[in-house]
Amino acid sequence: GNSVTQMEGPVTLSEEAFLTINCTYTATGYPSLFWYVQYPGEGLQLLLKATKADDKGSNKGFEATYRKETTSFHLEKGSVQVSDSAVYFCALRNSGNTPLVFGKGTRLSVIA
Amino acid sequence: DSGVTQTPKHLITATGQRVTLRCSPRSGDLSVYWYQQSLDQGLQFLIQYYNGEERAKGNILERFSAQQFPDLHSELNLSSLELGDSALYFCASSVGAGGSNYNEQFFGPGTRLTVL
């Protein structure tokens with residue numbers, strides 16, 4: 001079946017530090033991969049996506065590259081801000097009418 | 001603001017009771033999805049409706065049911081509630097039903113259900 005594993009949190013960083021949140025997946029076929037962000041008290045928002053191998057998704061300084069050989073989609077940001085404090089979810093969606101499958105989420109806290 | 005609204009924001013009830021959660025999708029969106037977010041299970045897909053018809057089913061218990069009305073709003077009914085049903089319930093909407101092209105899902109703020 002399809003599954004997503006992401007690093008356990010919480011992750012606490014100082015402002016301007018480098019961020020990596022690891023995500024690996026198991027899927028049949030060729031899934032699309034996503035990162036969603038959930039700010040306190042809000043629903044999930046799509047942060048970035050990649051639909052095929054070697055694609056790089058990017059948004060708001062965040063990047064993730066679809067690595068088929070390692071079945072990974074790690075989220076990175078070069079310099080985090082306090083406003084990036086949130087819970088980050090890695091997700092996949094296989095082709096056809098299949099629902100999103102989410103990882104358990106990683107809570108990021110950025111301190112000034 | 002995603003444009004997806006959910007009511008109520010918080011719900012506190014007792015075991016054995018029944019509750020209804022309501023979701024209004026973004027204007028123009030035909031698909032509605034329900035998800036349950038709990039500490040132990042994470043974020044799990046429950047069910048999807050497209051233009052009034054059930055489209056996909058996930059890990060939805062038999063005690064739970066949903067429907068989508070002609071005005072496209074959706075309701076999730078939870079009955080014979082147990083302590084373990086306490087969770088955040090999200091609704092999301094998208095333009096289409098899915099298929100080969102990704103239809104971005106826009107999430108509402110959620111309804112927090114507490115079963116005592």
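The values are calculated or read from the model by the stated rules, or taken from the named source; none is laboratory data. Keep in mind that what you see is a predicted model, and the values were worked out from it rather than measured. Please note: Cβ atoms are built from the backbone with ideal geometry, for glycine as well, and neighbour counts cover all protein chains shown. Each accessible area value is taken on the protein alone, full model and side chains, heavy atoms only, with ligands, DNA and RNA left out. Shrake-Rupley method; radii C 1.70, N 1.55, O 1.52, S 1.80 Å.
Just a few scattered comments:
- Selected residue (criterion: farthest from the chain's Cα centre (by Cα)) from residues of the range A:1-24 that are in a strand (DSSP E or B) and within 14 Å of chain B (Cβ to nearest Cβ): A:3
- Any hit, the range A:27-36, residues being surrounded by 14 or more Cβ atoms within 10 Å (Cβ to Cβ) and more than 14 Å from chain B (Cβ to nearest Cβ): yes
Yes/no per residue for (1) within 14 Å of chain B (Cβ to nearest Cβ); (2) more than 18 Å from residue B:41 (Cα to Cα); (3) buried (at least 16 other Cβ atoms within 10 Å of the Cβ):
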{"residue": "A:39", "(1), (2), (3)": "yes, yes, no"}
{"residue": "A:43", "(1), (2), (3)": "yes, no, yes"}
{"residue": "A:56", "(1), (2), (3)": "no, yes, no"}
{"residue": "A:66", "(1), (2), (3)": "yes, yes, yes"}
{"residue": "A:82", "(1), (2), (3)": "no, yes, no"}
{"residue": "A:103", "(1), (2), (3)": "yes, no, yes"}
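- Qualifying residue in the range B:42-50 (condition: under 24 Å from residue A:103 (Cβ atoms), more than 10 Å from every other protein chain (Cβ to nearest Cβ) and surrounded by 13 or more Cβ atoms within 10 Å (Cβ to Cβ)): no
Residue-by-condition table, conditions (1) more than 14 Å from chain A (Cβ to nearest Cβ); (2) free of Cβ contacts under 8 Å to residues at least 24 places away in the same chain; (3) on the phi > 0 side of the Ramachandran plot; (4) of a type in the set (S, T, N, Q):
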{"position": "B:23", "(1), (2), (3), (4)": "no, no, no, no"}
{"position": "B:54", "(1), (2), (3), (4)": "no, yes, no, no"}
{"position": "B:62", "(1), (2), (3), (4)": "yes, yes, no, no"}
{"position": "B:65", "(1), (2), (3), (4)": "yes, yes, no, yes"}
{"position": "B:80", "(1), (2), (3), (4)": "yes, no, yes, yes"}
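- When residues of the range B:86-105 are limited to those that are surrounded by fewer than 22 Cβ atoms within 10 Å (Cβ to Cβ) and more than 7 Å from every other protein chain (Cβ to nearest Cβ), the one modelled with the lowest pLDDT: B:101
- Yes/no for residue B:113 being at pLDDT below 95, assigned to a strand (DSSP E or B) and either open to solvent by less than 60 Å² (accessible area, probe 1.4 Å) or not hydrophobic (A, V, I, L, M, F, W, C) (or both): no
- Every residue from the range A:25-74 that is of a type in the set (Asp, Glu) and farther than 18 Å from residue B:33 by Cβ: A:54, A:55, A:63, A:69
- Residue A:110 surrounded by fewer than 18 Cβ atoms within 10 Å (Cβ to Cβ), away from every other protein chain (no Cβ under 14 Å) and in contact with a strand residue (DSSP E or B) (Cβ under 6 Å, 6 or more places away or on another chain): no
- Scan of the range A:54-112 for residues that are of a type in the set (D, E, K, R) and without any contact (Cβ under 8 Å) to a residue 60 or more places away in the chain, ordered by number: A:54, A:55, A:56, A:60, A:63, A:67, A:68, A:69, A:76, A:77
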